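Q: The following block contains the structure, expressed as structure tokens.
The values are calculated or read from the model by the stated rules, or taken from the named source; none is laboratory data. What you see is a predicted model; the values in this text were computed from it and never measured. In this analysis, Cβ positions are derived from the backbone assuming ideal geometry, glycine residues included, and neighbour counts consider all displayed protein chains. SASA here: full protein model, heavy atoms, side chains in, ligands and nucleic acids out. Shrake-Rupley method; radii C 1.70, N 1.55, O 1.52, S 1.80 Å.
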Amino acid sequence: VAEQTEGALDITIAPLVKLWGFDAKGPPTDVPSMAQISEKLKQCGWDRVEVSTGPPRLRKKIPGLTLNVDAVAEGLAVDEIAEWLVQGGHKDFLINLGGEVLAKGGPWQVGIQMPEAPQGQAFTTVELHNEALATSGIYRQNFERAGHRYSHILDPRTGSPIQGDLASVSVIAPSCTQADAWATALLVLGREKGDSIANRSGMRVVWIEGK
């Protein structure tokens, strides 16, 4: 996904996540400076990780590189749970983990959360049949400084929280890991660029605009 989106998804942004306070320490007192962001960007880069499958191993090309897989962790967990259930003989079920959903059998009717609305208030519903749905949005994890809201979704290319008119992006895909990754990547790309990639790939996407 990182390669197909020219880095809109990047699991090496851990230094930037920490800089912006979207980790255990919480939001910073002051918004990071461009110099601070630039320094952390030097420690990032998805193409600075070498991957081998035989034997399975990772090798980083620069010392400061650190991984943060939050963008796909819940989706991967959902897929692992689904695999365990299938192996146990279950054929018709729905898993929801933090808003990341996978349906087996069905069809199942699943709601997509309305941004800034009470939990459970749906913007729309979609039908899932042996598919997964993941949503990435800016309306829950954020902080404000000087009247400006900063989202936890960072653009790996700039090192800063994303800007734009999208409140959330939901993606339907064969696996929840794929849906999770693509939802984040398309939210970073924005509607215009993201729509082009989604259409070429045949992805089903729900775009919700608004702050």
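Q: Heavy-atom accessible area per residue, segment 57-201, 1.4 Å probe: how many Å²? Let's see the in-between values first.
A: Details: 7680 Å² over 145 residues.
Per-residue value: 53 Å².
Q: With P(r) over Cα pairs in 10 Å bins from 0, in percent in mind, check (i) 8, 35, 39, 16, 1; (ii) 8, 32, 35, 20, 5, 0; (iii) 7, 25, 30, 26, 10, 2, 0 and report the label derived from this structure.
A: (ii)
Q: Show which lysines lie in cross-link reach of K60 when reach means a straight Cα distance below 28 angstrom and same-chain residues fewer than eight apart are skipped.
A: Correct list for K60: K18, K25, K40, K42.
Q: Moving to a separate point now. Determine, from the Cβ-Cβ distance of A35 and Q163 and an R0 of 25 Å, the FRET efficiency 1/(1 + (r/R0)^6), rounded to the nearest 0.05.
A: Numbers: r = 20 Å, r/R0 = 0.80.
It comes out at approximately 0.80.
Q: Over all directions, the average projected area of the alpha-carbon convex hull for segment 12-128 comes to how many nm²? Working shown, then result.
A: Details: hull surface 44.8 nm².
Its Cα hull, projected and averaged over all orientations, spans 11.2 nm².
Q: Starting from 0 in steps of 5 Å, tell me what percent of the Cα-Cα pairs of segment 71-158 lands in each bin.
A: 3, 12, 19, 19, 17, 12, 9, 5, 2, 1, 0
Q: A follow-up question, please. Compare the peptides 168-174, 136-142 by average per-residue count of other Cβ atoms within 10 angstrom and give them in order, highest first. Display every interim value, and only then the final one.
A: Values: 168-174: 23.0, 136-142: 17.9.
In descending order of packing, they fall as 168-174, 136-142.
Q: Quick one: which of 49-59, 6-16 comes out on top by average Cβ neighbours within 10 Å, and what's the full order, highest first?
A: Working: 49-59: 8.7, 6-16: 22.1.
Sorting 49-59, 6-16 by mean packing, highest first, produces 6-16, 49-59.
Q: What is the Cα coordinate range of segment 107-211 on the first, second and third principal axes, sorted by size from largest, in whole angstrom?
A: Principal-axis extents of segment 107-211 (Cα, largest first): 47, 32, 21 Å.
Q: Now, a different point. Could you pull the Rg and Dmax for segment 1-54, using just the Cα atoms, both in Å?
A: 13.3, 45
Q: Mind checking which lysines have their Cα closer than 18 Å to the Cα of K104? Skip sequence neighbours fewer than 8 apart in that chain.
A: K91
Q: Please express the shape of segment 26-86 as an equivalent ellipsoid: the semi-axes are the square roots of 5 times the eigenvalues of the C-alpha gyration tensor, given largest first in whole angstrom.
A: Working: eigenvalues 188, 83, 9 Å².
One finds semi-axes of 31, 20, 7 Å for segment 26-86.
Q: Under a plain spin-label model, where a point goes 7 Å from the Cα along Cα-to-Cβ, how far apart in nm are L58 and T125?
A: Rounded to a tenth, the inter-label distance reads 3.9 nm.
Q: Oh, and also: Ignoring everything except DSSP H segments at least 4 long, calculate the 222 nm mean residue ellipticity for the chain; use -39,500 (n - 2.57) per segment, divide by total residues, nearest 500. Before the final figure, lay out the partial values.
A: Values: 5 runs with 57 residues, N = 211.
That calculation yields -8500 deg cm²/dmol at 222 nm.
Q: By average Cβ neighbour count within 10 Å, what is the ranking of 21-30, 97-106 from highest down? Walk me through the numbers on the way to the answer.
A: On the way: 21-30: 12.4, 97-106: 19.9.
Sorting 21-30, 97-106 by mean packing, highest first, produces 97-106, 21-30.
Q: Whenever you get a sec, compute what percent of the accessible area on segment 127-193 sits on carbon and sulfur atoms (1.4 Å probe).
A: Roughly 44 percent, rounded to a whole number.
Q: What is the percent carbon and sulfur in the accessible area of segment 1-93, measuring with a 1.4 Å probe over the protein chains and ignoring ligands?
A: Carbon plus sulfur share of accessible area: 55 percent.
Q: Whole Å is fine, so just give me how far the alpha carbon centre of segment 39-57 lies from that of segment 127-165.
A: One Cα centre to the other: 24 Å.
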